[in-house]
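A short write-up of the structure that comes next.
Since every read-out is calculated from the coordinates, none of them should be taken as a lab result. From a predicted model like this one, the values you see are computed outputs, not experimental measurements. Heads up, the Cβs are rebuilt from the backbone with ideal geometry, glycines too, and the neighbour counts pull from every protein chain shown.
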Protein chains: 2
Amino acid sequence: MATPTLDLITLRKGCASCSLQQLCLPAGINLRELQELEAIVKRKRPVEVGERLFRQGDRLDAVFVARDGAFKTVLVNEDGDEQVIGFHLPGELVGLDALGTGVHRCEAVALTRANVCEVPFDELSNVAAHVPGLQRQLMRVIGQSVGRDQDHREMLVRRQANERIALFLHGLSERLRTIGEPSETIRLPMSREDIARFLGLALETVSRGFTRLQEDGVISVHGRKVQILDVAELDRLAHGSEPPGDRARVRA
Amino acid sequence: MATPTLDLITLRKGCASCSLQQLCLPAGINLRELQELEAIVKRKRPVEVGERLFRQGDRLDAVFVARDGAFKTVLVNEDGDEQVIGFHLPGELVGLDALGTGVHRCEAVALTRANVCEVPFDELSNVAAHVPGLQRQLMRVIGQSVGRDQDHREMLVRRQANERIALFLHGLSERLRTIGEPSETIRLPMSREDIARFLGLALETVSRGFTRLQEDGVISVHGRKVQILDVAELDRLAHGSEPPGDRARVRA
DNA sequence: CGAGTTTTTGAGCAGATTCAAATCAAGTGG
DNA sequence: CCACTTGATTTGAATCTGCTCAAAAACTCG
């Protein structure tokens, strides 16, 4: 319901006019090079909720970027239960998990209806090989992806559920801001269960965490609609300053 | 105490005769290319325990590979306590964390006395740019590094301390095997505290976990000397099949 | 062999999990 | 338009795991 006209434009006009241009692969290359990149980018019909871009064990043949919508990448273990290893917002590459082995270790599932660009990996490598700007940018987006992985781990090592949740919301908000979306009034694309499986918590613990943050006046929650009321406080909680004791008042 | 003669050899003869050749950057390139790579590799004097290869905030100017010994990479937060984000065995690249921003997000600390190869990153990029085999291999080792990050996260999302510990030992053993070291009789290069900070647990919990595994006959522990007695069982625990109930016997 | 460090062990407690039930949101079909 | 179904989220109560603090035991290394 948010950006139907935009989609049409980007669909027609491609990278050059895409609002994500500065964040995505095209960043920092000139027009001629852009055309070369654009020649290999495929724009597919919208992906429906629950559809997969690739599955575990698939050979790496393309990387994907959502122009809108959101994805999760999950690891399904032999018992059939899934572990969420990442959420992907527009402009963030999906599929880099296969770089090492050439085979996907996880699968990418659409959390919302989404439009994606598909970039065949071999061709991307080829173009990158003789377009230094793209090479560099590719390295950069890979690096950013690694950075998000590290952020994830920073959440997971926190021992307090509330810290993990605060860090999660904080990080999500930051990422929304960098892609130019409202970062304080959020409609979460993922369920509580997804969040729980992402944070290594029980679903109920996530729910309680949200409630707790609401009681403390940090956010307001209505199902998946979350509003950040006190950015500074969320920040503080995320970076795990004081233990939740009542010393907070003393220090403040 | 383990490989002093080997060090001398690799020191003199370089990549071509290094036992890690097949795992490290040189894998899959021909002799001429190897010489080109070798020309930029610096081999430094041994690094002492506790020495750092780089610190948080340092610009990325080189990546490192240990020929022997071990490193940890840590993140030190504002409160001064450190989070261990990785352990690095011989042949595994250290320093890739800076790919995204060009600045190191973490610091690399020697856990043992170690010999390292230092590869200036710019020069590596240059050589890689016109040596496709190296380019590919670079991607591969980056990918492997990403893979190890994912393994780490797989540990961290586990909610049971014992599962995390089992997964840790299991993964370490596998990695030792791939570099051709004894994988079932291990001398851990890291302290319980390092492991705890790596797994997001209290140090005591790690210790108890080891003890528990020993009581169950899966491993035998004497301080840092660990012997894996029941590989299959460790595997099973790591992949978190049945909850520790007594159903195990029924299924067995 | 001692001093210092690392590891193990113990006891009590706080926080997260589990299981269960209630509430809420959003469709669907009458 | 409303009652009803279905799925998601929240809340409650009891249990259990892992944490903290404290002390003992085992290693390391001059």
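To the nearest ten degrees, helix A:203-215 and the longest principal axis of the Cα atoms of chain A are 70 degrees apart. For the range B:8-150, the mean projected area of the C-alpha convex hull, equal to one quarter of the hull surface, is 8.2 nm². Note on chain B: with a GNM built from Cα contacts shorter than 10 Å, the maximum mean-square fluctuation among B:E78, B:E163, B:E184 falls on B:E78. In this label model, B:E184 and A:A202 are separated by 3.9 nm, measuring between points 7 Å along each Cα→Cβ vector. The mean sequence distance of close C-alpha pairs (under 8 Å, at least 6 residues apart), as a share of the length of chain B, puts its relative contact order at 18 percent. Springs join every pair of Cα atoms under 10 Å in this Gaussian network model of chain A, and among A:K72, A:K225, A:K42 the largest mean-square fluctuation is at A:K225. How far, in degrees from 0 to 90, does helix B:161-178 lean away from the longest principal axis of the Cα atoms of chain B, to the nearest 10? Once rounded, the angle reads 40 degrees. Taking every lysine pair in the protein assembly as shown that is 8 or more places apart or spans two chains, those with Cα atoms closer than 25 Å amount to 10. Centroid-to-centroid, using Cα positions, the range A:64-104 and the range B:125-165 are 15 Å apart. Copy-to-copy label distances for A:T101, where each label lies 7 Å from Cα along Cα-to-Cβ, are 3.1 nm in order of increasing length. Ranked from shortest, the separations from the 7 Å Cα-to-Cβ label point of A:A202 to its equivalents in the other copies are 2.0 nm. If you plug the beta carbon distance of A:S17 and A:K225 into 1/(1 + (r/R0)^6) with R0 = 30 Å, you get a FRET efficiency near 0.45.
Among A:T211, A:T205, a tally of other beta-carbon atoms within 10 Å of each Cβ gives an order, fewest to most, of A:T211, A:T205. Footprinting exposure proxy ranking of B:I219, A:I186, B:I142, fewest other C-beta atoms within 10 angstrom first, gives A:I186, B:I142, B:I219.
Taking 7 Å steps out from each Cα toward its Cβ at A:A232 and A:Q160 produces label points 1.9 nm apart. Residue separation of A:D81 and A:R52 scaled by 0.36 nm, minus their Cα-Cα distance, works out to 8.8 nm of gained length. Over the residues of chain B, the helix contribution to mean residue ellipticity at 222 nm works out to -13500 deg cm²/dmol, using -39500 (n - 2.57) for each DSSP H run of at least 4. Between B:L99, B:L138, B:L53, the GNM of chain B built on Cα springs shorter than 10 angstrom shows B:L99 fluctuating the most.
Considering the rotation that superimposes chain A on chain B, the residue of A whose beta-carbon lies nearest the axis, and that distance in Å, is A:L156, 2. Inter-copy label distances for B:R32: 2.9 nm (label point placed 7 Å from Cα along Cα→Cβ; shortest first).
For the protein assembly as shown, a/c is not less than 1.5, where a ≥ b ≥ c are the root eigenvalues of the C-alpha gyration tensor, and a/b does not top b/c. That puts it in the oblate class. With r defined as the distance between the Cβ atoms of B:A39 and A:Q214 and R0 fixed at 51 Å, what FRET efficiency is calculated, to the nearest 0.05? According to the calculation, E is roughly 0.25. Overall size of chain B from C-alpha positions, given as principal axis extents largest first: 60, 40, 33 Å.
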